[in-house]
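Enquirer: Below you'll find the structure I mean.
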Amino acid sequence: MEQNTYEPRTIQVVPEELKASQAKYMSKVYGWMSLALVVTGLIAYLVAGSETLITAIIANKLLFYGLIIAEFGLVIWLSARITKMSTTTAIAAFMGYAVLNGLTLSLIFLIYTFSSIALTFFVTAGTFAVMSVYGYVTKTDLTKIGKIMMMLLVGIIIASLVNLFLKSPMIYWITTYVGVAVFVGLIAYDTQKIKNYFLELNGDESLMGRMAIMGALTLYLDFINLFLFLLRLFGGGRSND
């Protein structure tokens with residue numbers, strides 16, 4: 001549940017001559033995000049269809065937790081070094097993260113039916129589209145809402161960790177519904193934040209390319225987390241097949 005680091009000071013008015021460049025920048029953000037989702041989905045599907053690979057991930061706890069740690073480490077490294085690495089390195093790191101995430105997400109195919117996963121994906125995609133468009137076009141400063149969402153996210157993480165020991169159904173469902181609301185809000189906030197950050201780049205094409213990757217990672221994480229929370233609500237277990 002990583003989130004990234006742009007903090008524009010206010011809603012900024014974009015001069016007319018820069019709007020086309022801003023739109024191009026955002027198209028790169030959405031393009032890289034979409035590619036990463038395709039990579040993750042394809043890897044997850046292929047791994048789930050391989051008995052050898054899926055068994056290795058399930059049976060080998062060291063491998064499974066190693067993948068989780070590698071994911072967190074890659075996000076932290078990418079976030080910390082994005083302005084100093086080349087665009088090629090940033091792309092490779094992001095796609096590497098998408099692959100790692102696909103490996104761990106392959107397990108959902110063992111828990112939920114394919115039809116419920118597909119339905120949840122389309123619900124997530126529709127929700128993401130609506131909220132991202134809102135974040136892109138709204139004139140309202142979403143900074144305060146974003147900060148509230150981030151505080152709630154910290155609460156969800158803490159409650160989820162505690163519930164690993166308590167195993168309380170009530171906490172599980174509370175974190176599920178709050179989690180959906182949090183990531184719905186973060187999609188709009190992060191879209192606005194990424195859009196506004198364009199003006200901080202001062203026309204630096206090289207930095208723009210790298211920060212488009214960073215923006216794509218932020219929205220990718222929002223999408224994946226919303227998908228997983230919605231899957232708790234809409235996902236049909238394989239026992240129901």
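The values are calculated or read from the model by the stated rules, or taken from the named source; none is laboratory data. Keep in mind the model is a prediction, meaning the values are calculated, not measured. Backbone-built Cβ (ideal geometry, glycine too); neighbour counts: all protein chains shown.
Enquirer: How many of the residues in the range 60-80 are surrounded by fewer than 15 Cβ atoms within 10 Å (Cβ to Cβ), of a type in the set (D, E, K, R) and modelled with pLDDT of 95 or more?
Expert: The qualifying residues number 0.
Enquirer: Looking at the range 80-88, is at least one residue of a type in the set (Val, Ile, Thr) and either part of a helix (DSSP H, G or I) or under 20 Å from residue 50 (Cα atoms) (or both)?
Expert: Yes.
Enquirer: Turning to a different aspect of this structure: Looking at the range 100-118 only, could you name the residues that are touching a residue at least 60 places away in the same chain (Cβ under 8 Å) and either buried (at least 17 other Cβ atoms within 10 Å of the Cβ) or closer than 21 Å to residue 191 by Cβ (or both)?
Expert: 101, 102, 103, 105, 106, 108, 109, 112, 116, 117
Enquirer: Quick check on this structure: which one of 187, 156 is farther than 30 Å from residue 18 by Cβ, touching a Gly at 6+ places or on another chain (Cβ under 7 Å) and modelled with pLDDT of 95 or more?
Expert: Checking each option against the conditions leaves just 156.
Enquirer: A further question on this structure: From 157, 174, 148, grab the single residue that is over 30 Å from residue 50 (Cβ atoms), surrounded by fewer than 17 Cβ atoms within 10 Å (Cβ to Cβ) and under 16 Å from the mean Cα position of the chain (by Cα).
Expert: 157
This table checks each residue for (1) among the β-branched types (Val, Ile, Thr); (2) assigned to a helix (DSSP H, G or I); (3) out of contact with any strand residue (DSSP E or B) (no Cβ under 6 Å at 6 or more places or on another chain); (4) closer than 30 Å to residue 22 by Cβ.
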position: 92; (1), (2), (3), (4): no, yes, yes, yes
position: 123; (1), (2), (3), (4): yes, yes, yes, yes
position: 127; (1), (2), (3), (4): yes, yes, yes, yes
position: 135; (1), (2), (3), (4): no, yes, yes, yes
position: 146; (1), (2), (3), (4): no, yes, yes, yes
position: 165; (1), (2), (3), (4): no, yes, yes, no
position: 182; (1), (2), (3), (4): yes, yes, yes, yes
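Enquirer: Sticking with this one: Scanning the range 84-99 for residues that are of a type outside the set (Ser, Thr, Tyr) and surrounded by fewer than 22 Cβ atoms within 10 Å (Cβ to Cβ), which turns out farthest from residue 220 (Cα to Cα)?
Expert: Per the criteria, the residue is 84.
Enquirer: Continuing with this model, one more query. Residues to consider are 223, 234, 229, 198; find the one that is at pLDDT below 95 and either crowded, with 22+ Cβ neighbours inside 10 Å or within 20 Å of residue 148 (Cβ to Cβ) (or both).
Expert: Being at pLDDT below 95 and either crowded, with 22+ Cβ neighbours inside 10 Å or within 20 Å of residue 148 (Cβ to Cβ) (or both) holds for just one of 223, 234, 229, 198, which is 198.
Enquirer: Among the residues of the range 37-45, is there at least one that is closer than 28 Å to residue 192 by Cα, in contact (Cβ under 8 Å) with a residue 24 or more places away in the chain, in contact with a Lys or Arg (Cβ under 8 Å, 6 or more places away or on another chain) and of a type outside the set (A, V, I, L, M)?
Expert: No, there is no match, as no residue in the range 37-45 is closer than 28 Å to residue 192 by Cα, in contact (Cβ under 8 Å) with a residue 24 or more places away in the chain, in contact with a Lys or Arg (Cβ under 8 Å, 6 or more places away or on another chain) and of a type outside the set (A, V, I, L, M).
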